[in-house]
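Please read the structure below before turning to the comments.
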Amino acid sequence: MSNPNAVAVLQRAAELRATLTGQFRDETVKSIYAEAERIAGRASHHSGTARYDFDQRIDRIVTSPIFGLPIMALLLAIVFWLTVAGANVPSAMLASGFFWFEDQAAAVFTNFGAPWWVTGFIWHGVFRGLAWVISVMLPPMMIFFPLFTVLEDLGYLPRVAFNLDFLFSRAGAHGKQALTMAMGFGCNAAGIISTRVIDSPRERLVAILTNNFVPCNGRFPTLILLATIFVGPLVPSAVASIAAAGTVVGVVLIGVVVTLAVSWVLSRTVLKGQASAFTLELPPYRRPGILRILYTSIIDRTLFVLWRAVLTAAPAGAVIWLLANIFVGDVSLARHISNALNPLGHAIGLDGVILLAYIIAIPANEIVVPTLLMVYLGTGMMTDDVSLEEIKRLLVTEHGWTLLTAVNLMLFSLLHNPCATTIITMYKETLSLKWTVVGTLMPLGLAFLVTFIVASIW
Amino acid sequence: MGPLLTTVAIGATIFGLFLALSWASRRRASQSRHRLEDALKHLFDLEYRGRHGSLASLTGALRVRDRAALDLVKRMQTQGLLVARGAEFDLTPEGERLALQVIRAHRLLERYFADEARLPLPQVHAAAERGEHHLSPDAADRLSASLGHPSVDPHGDPIPTREGFVPPAAGTPATAWPIDRLARIVHLEDEPPISYAQLVAAGIEVGQMIRIIDSSPERMVLTDGENEFRLAPAVAANIFLENAPQAPALAGALRLAELSTGQAAEILGLDDRCQGYSRRRLMDLGFTEGATIRAALTTFAGDPRAYEIRGTLVALRSEQASQVLVQPLEKAS
């Protein structure tokens, strides 16, 4: 600031500022609004209130004491059902397509005399990891995100936030966290990006740090598998599938309760000093724009998340293949590590292989079950080409899984640290190493604590 | 347990110990800096009120033993921050400059915690007390700019400028204010915390309009028009008053939260207690004086409610809605 004029101007500004009364900002905003009103009054005119009355009628229904919550539950159930039911077939098709390609490519490599480890590393390692993540992740996201975006575009989602705010206000959070949580069912990374709709910094951080407690669709297969194998047989076979579904819903509800509880604690402890204010705009209902929906849900959400997942899944595939195919003595590296992790695993009602699978699966939770099966079966690549009965026999008879193992694995899957994509997203959204570390280690610690307690009192 | 795990465990233990040791030594260094800054603040505070510091006042304010206070005074003398005249201590100009930096940081942080983070007022002082030692003068400038260069902290204490200018303390203690003359509270002394907590608990706030109804050596009775506050004179002496500006016509005013659903009203303004981020948000959404507002929707839980303003629906929790003052309109329908 060498310019003497600039110094003088700044000094003058400081002097003048001292003479301002506190209300000048209010006056400024008021005059801006008055001017905007004047221009709007000249440039636009309203013809009737029919549209507005229509909106009001819908609003009264969707926020009514009787219909509000049931409508919401029904719409969300439809979205989930469409996602789960619709994604099965394309997932299976993608997987068989990718794995067929993998076989062909590996055969070509072998024919050209490539050493087995080059073929294995590239095709059975890196490519298989990628293929797995894409085929599990892509179809549900392609269905879930557009459906969700339709609700968003309609203007319905803010009403959900409005209806559910009473729950979140008690937890020191924002009603819009209901939306970011719902988004988290699709993908936690996308859920964290969607917290941008929360305009209050403290409540936004709460939503970012707790989004991980709703299971994303990468974790649902694990939950469904465990519920089917372990909880289903506990009840008469007629209601087995209902019991299994109920268990998954129960786990989700535990996740919601944990979210609220952790939000309550966070907003009263580490986040106390962050800025906060509650306002929620309820925009008018609109006809959804199909092109815009496709653009936001496919480009902004699906491809964005998928690209980050691909970046992390490829190296994970490589690591898995290396661990399964490097032998020290007669035993693979994977076995060595899982044996070393066994004491820790047993302390929380799991075992070393499960922990290893979760360490390898940090890049993407979709590969937990395939990795587990790979290590248990001693094969050299990820696999789930195994029937449910075989999986059950493998887990229960050969590796001593009990109901406790299943319950704790479900809890661990629900609570443990977010995947790498989510961690990167957390950093990009907060630009703070501190909150990224908290958001990563806090769930991990909670997962260990809860599973340890359950294992101790079992 | 495998040898791998043992090696990892031993490694982690050694690393942990190393971290703990370096943390402890850093903590000791920063603690002694904090204590020095607290001493500067204390001495400046006394000088500002025309008194002088002493060893006794230091040990009391910092809650340290005589030995530690003596060491501190010696250190401040060698650093040229303090001169001793007999038993009395005075700050050197350099000492004053540093003290003002700490005070500026403290009061700006109080503003931040009260306005932006919306901490309850009794917690604001303690939070700023911790933060003041970590805010560099440049960071304080940035904070001041982001807060819109406030001139007083939430208790009404003036915030020193960057150049170190402190406006003189404003207001007359309530104990010296004539009975029955309308006054505005400009400052609540936040030390000692016990009597400040008592004022806050009674619901007394900076910016409130009050009148003194009765004053005796045992008891002072104040009123804000609705509630009566009975205070010991020693506590009331911590309230500082100024002549009230013309009271705005707020007769018949309601808080927005009190409006019944479907009723329309004209906005009179925002409560003075609503500051910082919340105030900016409400202003941005068009909650300005003269705007028409209608309570449109309510959830089954009763809170939040949605209000129709300037052609849009905005939901507010009752906590926010009670900071908007409105004048109900005659029902048109």
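Observations
- Size of electric dipole in chain B: Cβ of Lys, Arg +1 and of Asp, Glu -1, about Cα centre, debye, nearest 20: 1060
- Computed from the alpha carbon positions, the gyration tensor of the protein assembly as shown leads to an equivalent ellipsoid with semi-axes of 57, 38, 24 Å, biggest first.
- Euclidean distance between Cα centres, region A:92-113 to region A:281-338, Å: 21
- Among A:Trp100, A:Trp264, sorting on how many other beta-carbon atoms sit within 10 Å of each Cβ, with the fewest leading, yields A:Trp100, A:Trp264.
- Relative contact order of chain A, pairs being alpha-carbon contacts under 8 Å that are 6 or more residues apart, as %: 17
- In summary, region B:172-243 shows an alpha-carbon radius of gyration equal to 0.95 times the 2.2 N^0.38 Å reference for compact globular proteins.
- Here the contact order of region B:254-328, divided by its residue count and restricted to Cα pairs under 8 Å and six or more residues apart, works out to 45 percent.
- D_trans [Stokes-Einstein, Kirkwood Rh over alpha-carbon pairs] for region B:3-91, 37 °C, 0.692 mPa s, µm² s⁻¹: 214
- Both radii were evaluated on the Cα set of chain B; the Rg over Rh quotient, with Rh as the Kirkwood radius, amounts to 1.08.
- Distant alpha-carbon pairs in region B:95-227 (separation over 18 angstrom), percent: 57
- Placing unit charges on the Cβ atoms only, positive for Lys and Arg and negative for Asp and Glu, gives the protein assembly as shown a dipole magnitude near 520 debye about its Cα centre.
- Fewest neighbouring Cβ atoms within 10 Å first, the residues A:Phe80, B:Phe18, A:Phe162 line up as B:Phe18, A:Phe80, A:Phe162.
- Rg/Rg_ref, chain A, where Rg_ref = 2.2 N^0.38 Å and atoms are Cα: 1.17
- With Cα atoms, 0 to 90° folded angle of helix B:137-146 axis to chain B main axis: 10
- Shown here: region A:52-119, whose C-alpha atoms stretch 74, 22, 18 Å along the first, second and third principal axes, sorted largest to smallest.
- Point-to-point label distance, A:Ile453-A:Met93, nm (Cα→Cβ direction, 7 Å offset): 4.6
- The C-alpha atoms of chain A define a longest principal axis, and helix A:68-111 lies at about 50 degrees to it.
- Region A:148-221: projected area of the alpha-carbon convex hull, averaged over directions, in nm²: 4.7
- Only Cα sites of region B:254-328 enter the Debye sum here, all with the same form factor; the resulting log10 I(q)/I(0) across q = 0.24 1/Å is -1.11, listed in q order.
- Folded to 0 to 90 degrees: helix A:420-430 orientation relative to chain A principal axis, Cα: 20
- Going from the fewest other Cβ atoms within 10 Å to the most, the residues B:Tyr277, B:Tyr48 appear in the order B:Tyr48, B:Tyr277.
Values in this text are rule-based calculations from the coordinates and carry no lab data. Quantities reported herein were computed from a predicted structural model and do not represent experimental measurements. Neighbour counts run over all protein chains shown; Cβ positions are idealised from the backbone, glycine included.
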